[in-house]
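Colleague: The structure follows.
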Amino acid sequence: MSETQPAAGGQNDPAPAGGPDDERIKEIGGLRQWLIRPELGGIVGVITVFIFFGFLAGDSGMFNPQGILNWSQVSAQFMIIAVGACMLMVAGEFDLSVGSMIGFAGISIAMFGVVWGLPMWIAILITFVICTAIGAINGLIVVRTGLPSFIVTLAFLFILRGFTIFIPQTVESRTIIGGIEDAAEGDWLASIFSADIMQWLFVLMAEWGWIDTFTRGTREGEPVVTGIPMLIVWALILVVVGHTILTRTRYGNWIFAAGGDAQAARYVGVPVDRVKISMFMVTAFCSTIFACCQVFEFGTAAADRGILKEFEAIIAVVIGGALLTGGYGSVVGAALGAIIFGVVQQGLFFAGVENSLFRVFLGVILLFAVILNTYVRRIITGER
Amino acid sequence: MSDPIVKMVDIKKHFGPVIALNGVSFDVKAGECHCLLGDNGAGKSTFIKTMSGVHKPTSGEIMFEGSRMNFNSPRDAMEAGIATVYQDLAMIPLMSVTRNFWMGREPKKGLFIDFDKANSTTMSEMKKMGINLRSPDQAVGTLSGGERQTVAIARAVYFGAKVLILDEPTSALGVRQTSNVLATVDRVRKAGIGVVFITHNVRHAMAVGDRFTVLNRGQTLGTAARGEITPEELQDLMAGGQEMAQLEGSLGGTV
């Protein structure tokens, strides 16, 4: 029975596995430590993309104020939905109904606010309530049935898109509803989705000659970029709030736990079901914010908005270092993934490259990101 | 010795037509390691789950510190001071040691987790258990199986467990790691915690046990104190005597 006696010390034993002070565990080098940060892929990607387009499209206006505004807005759009998708993926689930939810929310605002004539702020609030409730239903079905969220939300992808076309078609005999700008005129809630902020700064910068002004037309003398769109502000707010919740709070710890190993989390009293359902609601909430920004910018709502957005959100999240299997990921990483997206999509346009190549790029980068993430996961968990 | 912390009297548990436990009596006192031995299918898992509040017994009494207890959920049992360390579901490999250690009971400073406190406490508690962490940010996945068990045990002890249920903590471990876990059990016992050590390995049980109870086909076959019983007798009880004796004979007494 000698082998069962507590062994003391024995540093020179050819021990089968690492105990305390194991001399065979190498110190982790700085580089390796860095490599296991989820944001690494995103940071490298962003730098690469900027250098690449700096050469390819540097003189095309991509990096003048209008150009920057252009790709920042596109990136911010991706960012808004990526934040929700990221937190949900860390909690171990997917939402494929993001795109349909965007279309649905837009039509909902238009129906309540324009067709049925409610004040715009009420229409917006109703839409937020309906959409987050649908998110909760998504989550509830996933948690109660134990089905993969892939299937459940795929069902909602079709259900929501169907209603998004059916409702305006039946009521109004059309699937594009305009007149939103007029209906939202002076509405306090609508303006926090559509306003440009810090306009004074841009006027000032125009006076200093840092940015161009219009030289003709009705807006002569005004700066070409009038302010920072609320779209970008919303994106940044969501990233900061999402990142803080995920990394610094108790709830964030539970989100990681729910995705890392739901059963182990339950054993220590983490309310896994509640956490997962709430993350479905967050995803729906982010989709609704996206829809609001889009609707009030365009002034119209259309039933075909948001198609394929769910995949773009998921790709941004994966580029940002999250694992598809849950339990690991970063909101900042997802935001970097969104920037890569926006810059490449608009950069190809500025560089005059055929736009269809964007899809090729998406596929390639997705593959690279997943391979890198799998490798990183092995380092973290010490699998071989 | 003192009165038992947990005393379970004639526990029966039926799952529909299946009788999983048919009259099990068991108790554990402060500062002792009570080994529960049984072969696969003897009802060990059902018994642990009854003790830790996952299952409610069909009949029988659970006494906790002298008064009758009715646990409705694992949470109830945890709050009373019964902590269970499951064999493989104790830790989340992708998360850091600190995050695992505090999971479900994260210390807060305002809205946020107090990481200074969480990290330093984790480091010092792990040191007490004889594990020097490289850093509290180290992912649990990088620890060995034995170390993971130890983190789980340290966590239970830190959060004030009076009774620690260990579900086959050594069954998947190598020799050296097993020694480490058994040393940890010894340390915990000396701190005055009652340890329920579930195993089917007689050698491991003999190494740390103060008392031994054998479970066979849903029934307890009696409890023996250390020194009153030999490993061979325990082995026989566990396997149901006769056949095992023959089998053992044919294998030259090595099982």
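The values are calculated or read from the model by the stated rules, or taken from the named source; none is laboratory data. Just so it is clear, the model here is predicted, and its values are computed rather than measured. A quick note on method: Cβ atoms are made from the backbone with ideal geometry, for glycine too, and the neighbour counts reach across all protein chains shown. Only protein heavy atoms, including side chains, enter the accessible area calculation; ligands, DNA and RNA are left aside. Shrake-Rupley method; radii C 1.70, N 1.55, O 1.52, S 1.80 Å.
Colleague: Just tell me which lysines come within less than 16 Å, Cα to Cα, of B:Lys127; anything on the same chain fewer than 8 places away is out.
Modeller: The reachable lysines, counting only those whose Cα sits under 16 Å from B:Lys127, are B:Lys117.
Colleague: For region B:4-251, report the convex hull volume of the alpha-carbon atoms normalised per residue, in Å³, without decimals.
Modeller: Considering the Cα atoms of region B:4-251, their hull volume per residue is 139 Å³.
Colleague: Continuing with the same structure: Can you pull the percent of region A:66-168's accessible area that's carbon plus sulfur, 1.4 Å probe, other chains left in place?
Modeller: On the way: 2750 of 3450 Å².
The C+S portion of the solvent-accessible surface of region A:66-168 is 80 percent.
Colleague: So how long is each side of region A:337-384 along the principal axes, counting just the alpha-carbon atoms, biggest first, in Å?
Modeller: 45, 17, 11
Colleague: For region B:4-251, what is the accessible area per residue in Å², given a 1.4 Å probe and the full set of protein chains?
Modeller: Counting only protein heavy atoms, the per-residue value for region B:4-251 is 41 Å².
Colleague: Same structure again: Obtain the nm distance between the two label points defined at A:Leu308 and A:Ser191 by a simple spin-label model: each point lies 7 Å from its Cα along the Cα-to-C-beta direction.
Modeller: Using points 7 Å along Cα→Cβ, the separation is 3.7 nm.
Colleague: Which residue, B:Val28, B:Val175, B:Val202, has the most motion in a Gaussian network model of chain B that connects Cα atoms within less than 10 Å?
Modeller: B:Val175
Colleague: To the nearest 500 deg cm²/dmol, what mean residue ellipticity at 222 nm is calculated for chain A from DSSP H runs of n ≥ 4 alone, each contributing -39,500 (n - 2.57), summed and divided by the residues?
Modeller: On the way: 16 runs with 253 residues, N = 384.
The per-residue figure over chain A is -22000 deg cm²/dmol.
Colleague: Another question, then. Average the reciprocal distances over every distinct pair of alpha-carbons in region A:42-381, invert the result, and give the Kirkwood radius in Å.
Modeller: On the way: mean 1/r = 0.0479 Å⁻¹.
Hydrodynamic radius (Kirkwood, Cα pairs) of region A:42-381 is 20.9 Å.
Colleague: Place the peptides A:280-292, B:31-43 in order of packing, highest mean first, counting for every residue the other Cβ atoms within 10 Å and averaging per peptide. Let's see the in-between values first.
Modeller: Numbers: A:280-292: 28.0, B:31-43: 21.5.
In descending order of packing, they fall as A:280-292, B:31-43.
Colleague: If you roll a 1.4 angstrom probe over the protein chains with everything in place, what fraction of the accessible area of region B:75-170 belongs to carbon and sulfur, to the nearest %?
Modeller: Ligands and nucleic acids excluded, carbon and sulfur reach 51 percent.
Colleague: Right, here's the next one. Can you give me the angle between helix B:115-128 and the longest principal axis of chain B, using Cα atoms only, in degrees from 0 to 90, rounded to the nearest 10?
Modeller: Helix B:115-128 and the main axis of chain B meet at about 40 degrees.
Colleague: What's the center-to-center distance, using Cα atoms, between region B:53-84 and region A:285-311 in Å?
Modeller: That distance is 52 Å.
Colleague: What are the radius of gyration and Dmax of region A:90-238, computed over its Cα atoms and given in Å?
Modeller: Over region A:90-238's Cα set, Rg and Dmax evaluate to 20.1, 62 Å.
Colleague: Taking 2.2 N^0.38 Å as the expected size of a compact globular protein, what ratio does the Cα radius of gyration of region B:128-238 give against it, to two decimals?
Modeller: So region B:128-238 has a normalised radius of gyration of 1.15.
Colleague: Report, in whole Å, the centroid distance computed from the Cα atoms of region A:70-124 and region B:89-168.
Modeller: One Cα centre to the other: 39 Å.
Colleague: May I pose another question? Which Cα, out of B:Thr170, B:Gln149, B:Ala183, lies furthest along the positive dipole direction of region B:129-183 (beta carbon charges, K/R +1, D/E -1)?
Modeller: Final value for the positive-end residue is B:Ala183.
Colleague: Determine which residues of region B:24-57 fall in the zone a paramagnetic label at B:Ala172 would reach in this model, i.e. backbone nitrogen under 19 Å from the point 7 Å along Cα→Cβ.
Modeller: B:40-41, B:44-46, B:48-49, by backbone N distance to the label point.
Colleague: Suppose R0 equals 30 Å; then what is the FRET efficiency for A:Thr244 and A:Ile130 from their Cβ-Cβ distance, rounded to the nearest 0.05?
Modeller: 0.65
Colleague: Next question. If you average the C-alpha positions of region B:27-44 and of region A:319-339 separately, how far apart do those two centres end up, in angstrom?
Modeller: Taking the Cα centre of region A:319-339 as reference, the centre of region B:27-44 is 45 Å away.
Colleague: Please report, in debye to the nearest 20, how large the charge dipole of region A:132-249 is about its Cα centre when each Lys and Arg carries +1 at its beta carbon and each Asp and Glu carries -1 there.
Modeller: 780 debye
Colleague: Give the value in nm², to one decimal: projected area of the alpha carbon convex hull of the protein assembly as shown, averaged over all directions.
Modeller: The number I arrive at for the protein assembly as shown is 36.4 nm².
Colleague: I would also like to ask the following. Kindly point out which whole DSSP H helices in chain A project their C-alpha atoms 24 angstrom or further along the helix axis while averaging a Kyte-Doolittle hydropathy of 1.0 or above.
Modeller: On the way: long enough: A:40-57 (25 Å, 2.47); A:65-90 (35 Å, 1.20); A:120-145 (37 Å, 2.02); A:149-172 (34 Å, 1.55); A:230-248 (26 Å, 2.04); A:272-298 (39 Å, 1.21); A:331-350 (28 Å, 1.93); A:357-381 (36 Å, 1.76).
Length and hydropathy pass: A:40-57, A:65-90, A:120-145, A:149-172, A:230-248, A:272-298, A:331-350, A:357-381.
Colleague: Follow-up. Once both axes come from the Cα atoms, what is the angle between helix B:145-158 and the longest principal axis of chain B, in degrees from 0 to 90, rounded to 10?
Modeller: Between the helix axis and the principal axis of chain B, the angle is about 80 degrees.
Colleague: Buried accessible area between A and B (1.4 Å probe, both chains summed, ligands and nucleic acids excluded), in Å² to the nearest 100?
Modeller: Details: alone 19560 and 12640 Å², together 28390 Å².
For A against B, buried area totals roughly 3800 Å².
Colleague: Related question: Keeping every protein chain present and rolling a 1.4 Å probe, give me the accessible area per residue for region A:42-381 in Å².
Modeller: With the other protein chains kept in place, region A:42-381 gives 42 Å² per residue.
Colleague: For the peptides B:114-127, A:95-108, A:260-273, what is the packing order when you average, over each peptide's residues, the other Cβ atoms within 10 Å and list the highest mean first?
Modeller: A:95-108, A:260-273, B:114-127
Colleague: Could I ask something else about it? Can you tell me the alpha carbon radius of gyration of region B:1-121 divided by the globular rule-of-thumb value 2.2 N^0.38 Å?
Modeller: 1.28
Colleague: With each label point set 7 Å from Cα along the Cα-Cβ vector, what nm distance links A:Ile51 and B:Asp137?
Modeller: In this crude label model, A:Ile51 to B:Asp137 measures out at 2.5 nm.
Colleague: To the nearest 0.05, what FRET efficiency results for A:Phe158 and A:Trp208 with a Förster distance of 45 Å applied to their C-beta separation?
Modeller: That pair, A:Phe158 with A:Trp208, gives E of 0.25.
Colleague: In nanometres, what is the gap between the two model label sites at A:Leu147 and B:Thr58, each 7 Å from Cα along Cα-to-Cβ?
Modeller: About 3.5 nm, to one decimal.
Colleague: Something else: What span do the alpha-carbon atoms of region A:151-258 cover on each of the three principal axes, reported in whole Å from largest to smallest?
Modeller: Result for region A:151-258: principal-axis Cα extents of 55, 49, 24 Å.
Colleague: Still on this structure, please answer the following. Just name one of A:Phe350, A:Cys131, A:Asn70: the one whose Cα is farthest towards the positive end of the charge dipole of chain A (beta-carbon charges, Lys/Arg +1, Asp/Glu -1).
Modeller: Result: A:Cys131, furthest along the dipole toward the positive end.
Colleague: Quick one: net charge around A:Leu348, please, counting Lys, Arg +1 and Asp, Glu -1 for every other residue with C-beta under 11 Å from its C-beta.
Modeller: Computed value for this residue: 0.
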